[in-house]
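The values are calculated or read from the model by the stated rules, or taken from the named source; none is laboratory data. For clarity, every value in this text was computed on a predicted model and none was experimentally measured. Here the Cβ positions follow ideal geometry from the backbone for every residue, glycine too, while neighbour counts run over all protein chains shown.
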Amino acid sequence: MNTASSARAEAFRPELLERRARLQAAAKSVSVEYLNGLIAEIDAALERMDAGTYGLCESCHDTIEIDRLECNPLVRFCLDHLNKAELDAHQQDLDLATQIQARLLPPTSVSLEHWDARYRYQPVSAVGGDYCELTALDNGRSLFFAVGDVAGKGVAASLLMTHLTAIFRSLLLLGLPLGEMVARANRLFCESTGPSHYATLVCGFAMADGVEVCNAGHCPPLLLRRESTERLDSTGLPLGLFCGGVYETRRLCLEAGESLALYTDGITEAEADAGEQYGEERLNRQLREHFGLGPDAMADSILPAVARFRQSLPVADDMTLLIVHRR
């Protein structure tokens, strides 16, 4: 096992030791045979860690998928070498996770008195780590919008995305100012996740008199004016890095027909066969080609354009696009 793999394996040692301690504390509530079996599993994992074989499939000796280890540090086989019962259970878990995540996603179209919002989402697998939110507030007089990207991919990232969704939906009920809400979300996310977990995020309120935006380490949104495009650079660190993060906000005035485009880096970092990335400039050009046709045309144009650019290469990351359009 190389140095990087060894360091990654060691990151699971505290969790394994904590599980062992909890099992011992619960000794009186379960049978001795069951308790000893669970402790034996943990001890075996710790022994593999000491021997330098932790995180390697016991059948083929290839690396076990990191998102599966993050969900269950006791797994011993990669996906290619699960038995039928394990494969069936894994597929059932994926199906359930897909259903849960689909129910958490907002409607793809929201229309209020002053605003239209449209988003398009394409996960790289059954579940994804992109975060998107559209919530009407004040009896439809304002709109909360957000696009984020949780570090990682697969089931582990989708669990963190679900956690982030719950945090913001709870904080929205408090009616906090935008900067304070993001600061609280950062503290909650930081205190309830591991040190390697973080999320970039752009969010804001669209109101009758304009838009307030906060960018926490995310791709710069594109403000599509009638004659030009403005980039809204980050004003804070990603959520989860430092519990005491401070987040500034920016006020924008959009004229009728102007739009704000939020996106994840799965779009701009999509690669063609030659290794060239789709990039922000292509994204802006594609959006401006459909600027006068409304938010549906802009939203519908991007993912097919990225697919044409990739040609034969598969999707490598989740992709999300959100258009907030002034009516």
> Could you list, in sequence order, the residues of the range 4-31 that are assigned to a helix (DSSP H, G or I), of a type in the set (A, V, I, L, M, F, W, C), more than 18 Å from Gly55 (Cα to Cα) and at pLDDT below 80?
Replying inline: Leu23, Ala25, Ala27
> Of Glu258, Glu276, Glu281, Glu227, which residue is in contact with a strand residue (DSSP E or B) (Cβ under 6 Å, 6 or more places away or on another chain) and either surrounded by fewer than 19 Cβ atoms within 10 Å (Cβ to Cβ) or not assigned by TED's automatic domain parsing to the domain that holds Leu134 (or both)?
Replying inline: Glu258
>> If Gly236 meets every condition in (1) under 28 Å from His163 (Cβ atoms); (2) among the small types (Gly, Ala, Ser); (3) at pLDDT 95 or above apart from one, which number is that one?
In response: (3)
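Would you point out which residue out of Val182, Val213, Val246 is among the β-branched types (Val, Ile, Thr) and in a strand (DSSP E or B)?
On the way: Val182 fails: in a strand (DSSP E or B); Val246 fails: in a strand (DSSP E or B).
Result of the check over Val182, Val213, Val246: Val213.
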> Can you pull out the residues in the range 178-197 that are closer than 23 Å to Glu212 by Cα and touching a residue at least 24 places away in the same chain (Cβ under 8 Å)?
Replying inline: Leu178, Gly179, Val182, Ala183, Ala185, Asn186, Arg187, Phe189
> Could you give every pair whose Cβ atoms fall below 6 Å, whose first residue belongs to the range 291-312 and is free of Cβ contacts under 8 Å to residues at least 60 places away in the same chain and crowded, with 16+ Cβ neighbours inside 10 Å, and whose second residue is part of a helix (DSSP H, G or I) and among the charged types (D, E, K, R), counting only separations of at least 6 or pairs across chains?
Replying inline: none
>> I want to confirm something. Restricting to the range 48-91 and keeping residues that are part of a helix (DSSP H, G or I) and of a type in the set (Asp, Glu), which single residue is modelled with the lowest pLDDT?
In response: Asp88
